[in-house]
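Colleague: Once you've had a glance at the structure underneath, I'll fire off some questions.
The values are calculated or read from the model by the stated rules, or taken from the named source; none is laboratory data. Keep in mind that this is a model prediction, so the values were computed, not measured. A quick note on method: Cβ atoms are made from the backbone with ideal geometry, for glycine too, and the neighbour counts reach across all protein chains shown.
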Amino acid sequence: MANKAKTAGKKQEKDKAIDEKTKNVLDIRDMQLYFQTGKGIVQAVDKVSFALERGKSMVIVGESGCGKTSLGRAILRLLPENVYKYEGSCLLNGVDIMEYKNEKFRKEIRWKRAALVPQSSMNSLNPVLKVSDQVAEPILIHDLAETKEEARDKAAEAFKKVGVPVDFLDRYPFELSGGMRQRVAIATSLVTDPDFIILDEPTSALDMLTQANIMNVLTRLKEEIDISFILITHDVSTSSEIADMAAIMYAGQIVEFTDAYTFFGTPLHPYSERLMASVPTLEADDEELGFIPGQPPSLINPPEGCRFAERCEEEMELCSEEPPTFEMDDGRTVKCWLYREGGERDGNNK
Amino acid sequence: MATTNNNLLLQTNDLKTWFEIKKWGFLHVGHVRAVDGINITLDRGESVSLVGESGCGKSSLAKTIMGIHQPTEGELIFEGNNIAAQDEESMRQYKSEIGFVQQDPYGALPPFMSIQRILEEPMIVNGIKDKNKRLKRIHEVMQELKMTPVEDFLKKYPHMLSGGQQQRIVIARSLVLNPKLIMADEPVSMLDASVRVEILELIKKIQSERELAVIYITHDLSTVRYFSERIWVMYGGKIVEQSPVRDLLKEPAHPYTRALLEAISEPDADNIHSFKKVPPGEPPSLLNPPRGCRFHPRCEHKIEGLCDQEIPPDFEVGNERITACWLFKDEEEVGDVAI
């Protein structure tokens, strides 16, 4: 009896050790993804590093062409054929999945541990299959259910989680509204019970009320089940609904990675500042909206130094060299020379 | 119903655009009541936003005003003439008075035409034969839009321009015929946040300089305040609320408008702890709209026996504010003519 208690205690200790080691569900270091094109090499994702704690959610914000979708696809290794360089490390629960062979990755990681809801996936449901078959498909492919009936039950469960009535199981996609189809797409990613889900622009094609509905579903899921969301979007406002962490991406690099709470109040990087100033709000009175003149640099031959320098109002000589990522006292990181002194911004430049 | 307002540019009286649905090409099934009894007025040089969700009929209303769809019933009065009853030639003249800024600049610019050709096209169609005159007009417009040096742009093709520049070309094209009204259908929804404001400011600047009337169609209530003085909220083929923007944002009257305002996300870290309040259900089918008020199946303030039976008329709820909702039945009823 005493022996048993002892082993149980040991097991707990061991669990604790694992927990400590895998505090982060996802830990990405120096991820690089380059594409070969006719015009040259596109540096879509360039030395991106971030870590996401278990149960937390994050948002990757950036303009179109900044590489945010490529980053999402790089994590799940859903790559096109013209990849030139795909490097870095990606720790999932403490294990480097970049080392996995493609077949092993497909069998053990993709969809089982990490799922993706691609952009406009609500419009890519197969029109001639019932939605239940499409939601159940990942279960059957990954042998998570023995019979079709069991898979269907699991699909029904996922439907309940996202708030689609169960009698919609036998419907075809065209019989559902846009919001319902988006929920079905999210259900498809939930059925295998992954550790995290990447959602690429989940609400950008939807109406305001439907958008709010989908964000409510995600917020509720986050509370009910232990899951992390990685939201890829250009819409700062809606992302504030579920994000604990925020990563700001500009021209293939993460220029700022902070907790969302401080980010929405005081963004650090000049780019994030200007981006936040250009978000229209309902309450603010009459103040003029800002915009960022110019356009993001081409990722084929990005500028040598800071990639935002030419659009930045606070450009200085140092900016012709690439800034490293500085860590603030409170753990926020920012890739800008203004913060080379630590927590406070360089006084001369403000 | 003549009006004494000299400033009036556009007025609709009970405007309806219905589309017939047929089965197998000949059996009548019913009508999609996309635009169902709209009374609006628009002054010269005024900027109004038309807000509604997809499928509420806002694009159909815009296309009816632009003369692309023939109205089924009602009057569309532009500068005192009823457009609905006009012949083809005056229709063409009318269409040239309205500029259209499309939603998607990538799709709106033909890829095989140079920018010069794209900008010339509306003038060629409208019979401006003198090439020098056309070029002069193009130069004027391009300079107004700050797309200089003009010559460099004219030789380019759409794919050589960024999204923001393409949208400027679309705006330039809508302006070359010196229209009196610009119809801007979600002009910035395809653009990035940082460019968005730039384009909105540009349209605003042109609007005030040229004293253009602008109808800004959008589903994004948060940009409306920066852009328009007045707002029309559309739901299920009808205008449910008309109001100055500021008053509406402060104190929305119609339950649908309230729901819309509550659903908007602000960039605020506290959001993470809260849920949005969203009315249940979905917008009605316009083929078979619900009886009475079209919002009543989703409305939390529904009055049994009234809202589900009778269509609410327009009630005056404040200075220049009207709403079609039975909650305000004690207020003064507005006649057939909108304010």
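Colleague: Out of A:Ala187, A:Ala212, report the one residue that is free of Cβ contacts under 8 Å to residues at least 12 places away in the same chain and part of a helix (DSSP H, G or I).
Modeller: Among A:Ala187, A:Ala212, only A:Ala212 is free of Cβ contacts under 8 Å to residues at least 12 places away in the same chain and part of a helix (DSSP H, G or I).
Colleague: Can you name the condition, by its number, that A:Met276 falls short on among (1) crowded, with 23+ Cβ neighbours inside 10 Å; (2) facing chain B (nearest Cβ under 7 Å); (3) part of a helix (DSSP H, G or I)?
Modeller: Only one criterion in (1) crowded, with 23+ Cβ neighbours inside 10 Å; (2) facing chain B (nearest Cβ under 7 Å); (3) part of a helix (DSSP H, G or I) is unmet by A:Met276, namely (1).
Colleague: Keeping to segment B:17-56, report how many residues are within 19 Å of B:Val245 (Cα to Cα), within 14 Å of chain A (Cβ to nearest Cβ) and among the polar types (S, T, N, Q).
Modeller: Residues flagged as within 19 Å of B:Val245 (Cα to Cα), within 14 Å of chain A (Cβ to nearest Cβ) and among the polar types (S, T, N, Q) within segment B:17-56 amount to 1.
Colleague: Which of the numbered conditions does A:Ala145 fail, given that it passes all the others? Conditions: (1) without any contact (Cβ under 8 Å) to a residue 40 or more places away in the chain; (2) part of a loop (DSSP other than H, G, I, E, B); (3) within 14 Å of chain B (Cβ to nearest Cβ).
Modeller: Exception for A:Ala145: condition (3).
Colleague: Take the residues in segment B:263-287 that are more than 19 Å from A:Val236 (Cβ to Cβ) and under 24 Å from the mean Cα position of the chain (by Cα), then tell me which one is nearest to the other protein chains (Cβ to nearest Cβ).
Modeller: So the residue we want is B:Glu282.
Colleague: Return the total of residues in segment A:224-246 being more than 10 Å from chain B (Cβ to nearest Cβ) and farther than 17 Å from A:Ser204 by Cβ.
Modeller: The number of residues fulfilling the criteria is 6.
Colleague: Additional query: Taking the criterion of being part of a helix (DSSP H, G or I) and crowded, with 23+ Cβ neighbours inside 10 Å, would at least one residue in segment A:228-237 satisfy it?
Modeller: Yes: segment A:228-237 contains one or more residues that are part of a helix (DSSP H, G or I) and crowded, with 23+ Cβ neighbours inside 10 Å.
Colleague: Tally up the residues in segment B:148-181 that are of a type in the set (A, V, I, L, M), within 14 Å of chain A (Cβ to nearest Cβ) and touching a helix residue (DSSP H, G or I) at 6+ places or on another chain (Cβ under 8 Å), please.
Modeller: 1
Colleague: Of the residues B:Pro312, B:Pro290, B:Pro279, B:Pro284, which single one is assigned to a loop (DSSP other than H, G, I, E, B) and within 30 Å of A:Val59 (Cα to Cα)?
Modeller: Details: B:Pro312 fails: within 30 Å of A:Val59 (Cα to Cα); B:Pro290 fails: within 30 Å of A:Val59 (Cα to Cα); B:Pro284 fails: within 30 Å of A:Val59 (Cα to Cα).
Only one candidate passes the filter, namely B:Pro279.
Colleague: Select from segment A:282-300 the residues that are touching a residue at least 12 places away in the same chain (Cβ under 8 Å) and surrounded by fewer than 17 Cβ atoms within 10 Å (Cβ to Cβ) and write down the one among them that is farthest from the other protein chains (Cβ to nearest Cβ).
Modeller: Once the filter is applied, the top-ranked residue is A:Ile300.
Colleague: Could I ask something else about it? How about segment B:159-225: which helices (runs of 4 or more DSSP H) wholly inside it have at least 3 residues that are under 30 Å from B:Gly127 (Cα atoms)?
Modeller: It comes to B:163-175, B:193-210.
Colleague: Among (1) under 19 Å from A:Ile60 (Cα atoms); (2) surrounded by fewer than 21 Cβ atoms within 10 Å (Cβ to Cβ); (3) touching a Gly at 6+ places or on another chain (Cβ under 8 Å), where does A:Thr219 come up short?
Modeller: (3)
Colleague: Take the conditions surrounded by fewer than 18 Cβ atoms within 10 Å (Cβ to Cβ), touching a strand residue (DSSP E or B) at 6+ places or on another chain (Cβ under 8 Å), part of a loop (DSSP other than H, G, I, E, B) and away from chain A (no Cβ under 14 Å) and apply them to B:Glu331. Does it pass?
Modeller: Numbers: surrounded by fewer than 18 Cβ atoms within 10 Å (Cβ to Cβ): yes; touching a strand residue (DSSP E or B) at 6+ places or on another chain (Cβ under 8 Å): yes; part of a loop (DSSP other than H, G, I, E, B): yes; away from chain A (no Cβ under 14 Å): yes.
The answer is yes for B:Glu331.
Colleague: Could you list, in sequence order, all residues of segment A:163-184 that are β-branched (Val, Ile, Thr) and part of a loop (DSSP other than H, G, I, E, B)?
Modeller: A:Val164
Colleague: Please determine, by comparing only the residues of segment B:182-208 that are out of contact with any helix residue (DSSP H, G or I) (no Cβ under 8 Å at 6 or more places or on another chain) and more than 8 Å from chain A (Cβ to nearest Cβ), which one is surrounded by the fewest Cβ atoms within 10 Å (Cβ to Cβ).
Modeller: B:Ser208
Colleague: Let me ask you something else. With respect to B:Leu260, is the statement that it is within 14 Å of chain A (Cβ to nearest Cβ), in a helix (DSSP H, G or I), closer than 30 Å to A:Ser57 by Cα and modelled with pLDDT of 85 or more true?
Modeller: yes
Colleague: Can I ask one more? Quick check, is A:Arg274 closer than 24 Å to A:Val45 by Cα and either touching a Phe, Trp or Tyr at 6+ places or on another chain (Cβ under 8 Å) or in the same structural domain as A:Asn93 (by TED's automatic domain parsing) (or both)?
Modeller: So A:Arg274 passes the test.
Colleague: Moving on to the next point. Could you pull out the residue among A:Leu176, A:Leu206 that is more than 20 Å from A:Arg73 (Cβ to Cβ) and in the same structural domain as A:Leu91 (by TED's automatic domain parsing)?
Modeller: Values: A:Leu176 fails: in the same structural domain as A:Leu91 (by TED's automatic domain parsing).
Sole residue among the options that is more than 20 Å from A:Arg73 (Cβ to Cβ) and in the same structural domain as A:Leu91 (by TED's automatic domain parsing): A:Leu206.
Colleague: Quick check: is even one residue across segment B:228-247 surrounded by fewer than 23 Cβ atoms within 10 Å (Cβ to Cβ), of a type outside the set (A, V, I, L, M, F, W, C) and within 11 Å of another protein chain (Cβ to nearest Cβ)?
Modeller: Within segment B:228-247 (the criterion being surrounded by fewer than 23 Cβ atoms within 10 Å (Cβ to Cβ), of a type outside the set (A, V, I, L, M, F, W, C) and within 11 Å of another protein chain (Cβ to nearest Cβ)), the answer is yes, since at least one residue qualifies.
This table checks each residue for (1) of a type in the set (Asp, Glu); (2) within 13 Å of another protein chain (Cβ to nearest Cβ).
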| position | (1), (2) |
| --- | --- |
| A:Ser189 | no, no |
| A:Asp193 | yes, no |
| A:Met208 | no, yes |
| A:Met215 | no, yes |
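Colleague: How many residues does segment A:169-184 hold that are without any contact (Cβ under 8 Å) to a residue 40 or more places away in the chain and surrounded by 18 or more Cβ atoms within 10 Å (Cβ to Cβ)?
Modeller: So the count comes out to 4.
Colleague: Could I ask something else about it? Could you check how many residues of segment A:261-272 are surrounded by fewer than 19 Cβ atoms within 10 Å (Cβ to Cβ) and part of a helix (DSSP H, G or I)?
Modeller: Residues meeting the conditions: 3.
Colleague: Hey, A:Ser240 hits all of (1) buried (at least 19 other Cβ atoms within 10 Å of the Cβ); (2) at pLDDT 90 or above but one; which does it fall short on?
Modeller: Single failed check for A:Ser240: (2).
Colleague: Could you tell me whether segment B:214-234 includes any residue that is over 25 Å from A:Phe264 (Cβ atoms) and either small (Gly, Ala, Ser) or modelled with pLDDT under 90 (or both)?
Modeller: yes
Colleague: Another one. Of the conditions (1) surrounded by 22 or more Cβ atoms within 10 Å (Cβ to Cβ); (2) within 14 Å of another protein chain (Cβ to nearest Cβ), B:Ile215 fails just one. Which one is it?
Modeller: Failed condition: (2).
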